[in-house]
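Undergrad: Here it is, the structure, as structure tokens.
Readers should treat all values here as calculations from the given coordinates under stated rules, not as data from a laboratory. Since we're looking at a predicted model, the values are computed, not measured. Glycine gets a Cβ as well: all are built from the backbone with ideal geometry, and neighbour counts include every protein chain shown.
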Amino acid sequence: MPRSEHSSPPPVEWARYAGPLRTLVMFNALLAFTLELAMFAFVGWWALALDLAWWVRIPIAVAAVGALIAVWGAFASPRARFLLPTAGVVAVKAAAFGSGALALWALGYPAAAVAFAVLAAANTTATTYVRTRPAK
């Protein structure tokens, strides 16, 4: 379902917390943003490292990162254009972060790929819990 132009943006997830817990939730949001940027960078890096002519690698990198950004913005971001059920958002995030991990693996960094995937899964779990927890 598309988001209405007049609908208000969702409240930030740390707004209903106080004290040390608020700091942890804010840190998790910062970590989520960092992981998202890393995911885009890993996919771009992978595309630029392909064994092809440079004039072929650059459009592939732009298309791969652009497609990932479009999917993320449309379905997985906090202000996504299309509202999905929680399971749909988690599935989109798993596919997107999985592409970042696979890109790292293909670049020859399997340990980093596993670490990235585990960190992204833990972060997504925490973010999903915080965003779906009923307000008190």
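Undergrad: Hey, if you put +1 on the Cβ of every Lys and Arg and -1 on every Asp and Glu Cβ in the chain, which of V92, G44, Y129 ends up farthest toward the positive end of that dipole?
TA: Result: Y129.
Undergrad: On to the next question. Residue by residue through the range 127-132, what is 3J(HN,Hα) from phi via Karplus (6.51 cos²θ - 1.76 cosθ + 1.60, θ = phi - 60°)? Round to whole Hz and write x for glycine and proline.
TA: After applying 6.51 cos²θ - 1.76 cosθ + 1.60, I find 5, 5, 4, 5, 6, 9 Hz.
Undergrad: Same structure, new question: With the cut-off at 1.5 for a/c, could you classify the range 71-136 from its C-alpha gyration tensor as rounded, prolate or oblate?
TA: Numbers: a/c = 3.57, a/b = 1.74, b/c = 2.05.
In terms of gyration-tensor shape, oblate.
Undergrad: Assuming R0 = 22 Å, can you tell me the calculated FRET efficiency for the pair T128 and A70, based on Cβ-Cβ distance, to the nearest 0.05? Working shown, then result.
TA: Values: r = 22 Å, r/R0 = 0.99.
Calculated value: 0.50.
Undergrad: Using only Cα atoms and rounding to the nearest 10 degrees, what angle (0 to 90) does helix 54-71 make with the longest principal axis of the chain?
TA: Result, in degrees: 20.
Undergrad: Sticking with this one: Taking +1 at the Cβ of each Lys and Arg and -1 at the Cβ of each Asp and Glu, which of P110, G19, A76 sits farthest along the dipole of the chain towards its positive end, judged by Cα position relative to the Cα centre?
TA: Towards the positive end, the residue furthest out is G19.
Undergrad: Please state the charge dipole magnitude for the chain, taken about the Cα centre, from unit charges on C-beta atoms (+1 on K and R, -1 on D and E), reported in debye and rounded to the nearest 20. Each step should come with its number before you reach the end.
TA: Numbers: 10 positive and 4 negative charges, 106 e Å.
With Lys and Arg at +1 and Asp and Glu at -1, about 500 debye.
Undergrad: Could I ask something else about it? Let me know the Rg and Dmax you get for the chain when you use only its Cα atoms, in Å.
TA: 16.6, 57
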